[in-house]
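*Asks:* If you scroll down you'll find the structure; I have some questions about it.
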Amino acid sequence: MADRAEPVAKRPRMSRGEVSAMEVLKIREKESEGFGSGMLSIQIDSVLESARAPKLKAFESGLKVLNEEMEESKTRSIKRDGKIAKRMLAKFPNLRFRSDRSNMVLNYKPPSGTILAGSYLLGALLWSTETPSVDICVIIPKECTERTDYKNYRYFDRRLLYLFGLFSVLSKSFRCTNVELGREFLGGDRLKPLLTLQLSSSTLQAIGASEADRKACSRLRIRIIPGIENDALREVSKRASLPGTKSSEELYWNSLASEMQIVAMLQLLNEVKTKAAGFSDALLLLKRWRERRNLPITPFMLSACLAKLILDRVVPPMASVQHMFLACLQYLSTWRMSSGKISLHLTEICDVLSLLSQEEQLEVSMDATAALRVIESSSTNSDLLGGAYACLFATSPTFSVAERFDVMVTVNITDSVNPNKLSHSCSEIIRKALGKACDLASPRILS
């Protein structure tokens with residue numbers, strides 16, 4: 001009797017704007033040719049070396065101490081109209097309650113779990129930023145929520161009350177310093193304030209950190225991100241699937257849906273990292289490109305974008321760093337939001353790029369397209385303007401979207417024209433026309 005054929009898993013359907021198999025093959029072929037420049041690999045290694053944060057064991061030991069501090073916090077009741085809440089709102093004017101439950105009471109309990117997350121865990125923390133951030137997701141116990149919290153912004157009020165409880169604990173601890181609330185918001189969403197702090201020097205000294213490690217750790221800022229257990233607010237999935245949701249409520253439902261997926265997404269990114277060896281370096285490269293080009297796309301968006309390409313098998317997990325980097329640029333250069341309305345699919349990965357405005361979409365696509373053209377250009381074989389590094393990672397001018405570009409001008413001249421004089425004249429004309437809006441590199445005459 002013939003063996004029964006094993007069922008073949010269906011490949012996920014590629015969404016609009018995704019990189020096709022043919023495009024990936026072209027990228028692979030370009031990679032084998034050195035991307036048109038023998039210097040690009042060396043330049044990329046240089047970017048990674050300067051951008052990657054060092055592994056600090058002393059800092060990780062300090063995080064364990066911080067975790068113990070939160071686990072040992074006492075149970076207490078925090079009323080929305082009580083003294084603690086009023087004092088917090090006066091201290092942090094960026095925060096406010098939004099629901100109809102003025103008599104809401106949170107029975108605060110220590111987090112049911114803490115997860116080291118984000119770029120630090122993935123090995124893609126950008127050290128070149130002024131104050132690198134390390135994310136810690138704290139799980140709000142199910143007992144702190146109610147079944148009807150999905151209604152009318154109630155969950156976000158309860159989330160805020162829980163942050164008030166954490167602030168009360170950590171602001172009094174000698175293990176922390178610079179404890180602030182509402183200085184940052186997750187993804188810029190005003191419904192999701194974060195608690196930020198730093199490890200105190202006394203804590204680092206107590207765990208035996210060297211002077212060099214203490215100096216490095218003093219740069220790191222810790223961001224506390226509240227999350228909820230997967231089954232805590234199942235009602236939102238039922239409500240979100242109902243037809244007829246008003247457009248005015250769309251932002252609220254998407255914000256609530258993404259909140260439910262935080263823990264799952266963090267775990268998913270870590271899973272992708274273990275399967276794809278080049279994921280961390282490729283993400284670090286993309287983040288450096290985003291930072292230097294001043295693009296309106298968050299690091300989390302880049303992480304989700306690259307993870308999506310790998311999970312959909314558009315980019316094979318064994319691909320090199322350069323392959324992943326170029327594939328993601330290709331995706332961003334062709335990506336467009338398919339419709340004006342954001343649909344909720346709680347069982348799928350959130351398409352976080354859909355949170356960009358039309359203008360921001362255009363800006364990201366234009367810059368990704370320009371980066372690909374630089375790499376594909378034969379001129380990158382030369383040392384023109386520092387090669388691909390300068391074009392990919394140079395700081396972008398602060399123009400409006402319609403005026404934002406990098407221009408390389410080539411002029412053919414006869415023997416009777418003095419090249420230096422021509423170069424100087426062209427520079428003067430451009431400076432007079434654009435003034436401070438133009439940042440010219442030093443003219444170079446190429447033979």
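*Asks:* May I ask you to verify whether SER15 is of a type in the set (Ser, Thr, Tyr), surrounded by fewer than 17 Cβ atoms within 10 Å (Cβ to Cβ), at pLDDT below 90 and more than 25 Å from LEU121 (Cβ to Cβ)? Steps first, answer last, please.
*Replies:* Working: of a type in the set (Ser, Thr, Tyr): yes; surrounded by fewer than 17 Cβ atoms within 10 Å (Cβ to Cβ): yes; at pLDDT below 90: yes; more than 25 Å from LEU121 (Cβ to Cβ): yes.
Criteria met by SER15.
*Asks:* Name the single residue, out of those in the stretch 304-317 being in contact with a helix residue (DSSP H, G or I) (Cβ under 9 Å, 6 or more places away or on another chain) and not in a helix (DSSP H, G or I), that is nearest to LYS275 (Cα to Cα). Before you say what the answer is, go through the steps one by one.
*Replies:* From the stretch 304-317, those in contact with a helix residue (DSSP H, G or I) (Cβ under 9 Å, 6 or more places away or on another chain) are 304-311, 314-317; that's our starting set.
Those left that are additionally not in a helix (DSSP H, G or I): 314-317.
Values: VAL314: 14, VAL315: 12, PRO316: 10, PRO317: 6 Å.
Going through the qualifying residues, I end up with PRO317.
*Asks:* Can you name the residue in the stretch 341-377 that is in a loop (DSSP other than H, G, I, E, B), open to solvent by 70 Å² or more (accessible area, probe 1.4 Å) and over 20 Å from THR298 (Cβ atoms) and is also modelled with the lowest pLDDT among such residues?
*Replies:* Taking the stretch 341-377 as the starting set, the residues that turn out to be in a loop (DSSP other than H, G, I, E, B) are 341-351, 356-357, 377.
Add one more test, that the residue is open to solvent by 70 Å² or more (accessible area, probe 1.4 Å), and what stays is 341, 343, 345, 347-349, 351.
So of that shortlist, the ones also over 20 Å from THR298 (Cβ atoms) come out as 341, 343, 345, 347.
On the way: LYS341: 37, SER343: 37, HIS345: 37, THR347: 33.
Selected residue: THR347.
*Asks:* Then there is this: Go through the stretch 278-296 and give me each residue that's modelled with pLDDT under 85 and buried (at least 20 other Cβ atoms within 10 Å of the Cβ).
*Replies:* Matches in the stretch 278-296: ARG293 only.
*Asks:* Say we look at the stretch 21-67 and pick out the residues that are at pLDDT below 60 and in a loop (DSSP other than H, G, I, E, B); which of these is surrounded by the fewest Cβ atoms within 10 Å (Cβ to Cβ)?
*Replies:* Among those that are at pLDDT below 60 and in a loop (DSSP other than H, G, I, E, B), it is GLU33.
*Asks:* Pull out all pairs, ordered by first then second residue, where Cβ-Cβ is under 9 Å, the residues are six or more apart or on different chains, the first lies in the stretch 72-93 and is over 20 Å from LYS109 (Cβ atoms), and the second is open to solvent by 90 Å² or more (accessible area, probe 1.4 Å) and assigned to a loop (DSSP other than H, G, I, E, B).
*Replies:* From residues that are over 20 Å from LYS109 (Cβ atoms), the pairs are ASP81/ASN103; LEU89/ARG96.
*Asks:* When LEU191 is evaluated against the numbered criteria (1) in a loop (DSSP other than H, G, I, E, B); (2) open to solvent by 30 Å² or more (accessible area, probe 1.4 Å); (3) farther than 12 Å from PHE59 by Cα, which criterion, by number, is the only one it fails?
*Replies:* (2)
*Asks:* For residues that are touching a Ser or Thr at 6+ places or on another chain (Cβ under 8 Å) and open to solvent by 50 Å² or more (accessible area, probe 1.4 Å), tally how many sit in the stretch 129-150.
*Replies:* Going through the stretch 129-150 one residue at a time, the tally reaches 1.
*Asks:* If you don't mind, another one. Would you please name the residue that is nearest to LEU170 (Cα to Cα), looking only at residues in the stretch 68-93 that are part of a strand (DSSP E or B) and basic (Lys, Arg)? Before the answer, list the steps.
*Replies:* Our first condition is that a residue be part of a strand (DSSP E or B); within the stretch 68-93, this holds for 76-79.
Retained after the next criterion (residues that are basic (Lys, Arg)): 76, 79.
Numbers: ARG76: 15, LYS79: 19 Å.
Within the stretch 68-93, the match that is nearest to LEU170 (Cα to Cα) is ARG76.
*Asks:* Looking at (1) part of a strand (DSSP E or B); (2) open to solvent by less than 10 Å² (accessible area, probe 1.4 Å); (3) not basic (Lys, Arg), which is the one condition that is false for THR114?
*Replies:* Failing condition for THR114: (2).
The values are calculated or read from the model by the stated rules, or taken from the named source; none is laboratory data. From a predicted model like this one, the values you see are computed outputs, not experimental measurements. Heads up, the Cβs are rebuilt from the backbone with ideal geometry, glycines too, and the neighbour counts pull from every protein chain shown. Ligands, DNA and RNA are excluded from the accessible area calculation, which covers all protein heavy atoms including side chains. Shrake-Rupley method; radii C 1.70, N 1.55, O 1.52, S 1.80 Å.
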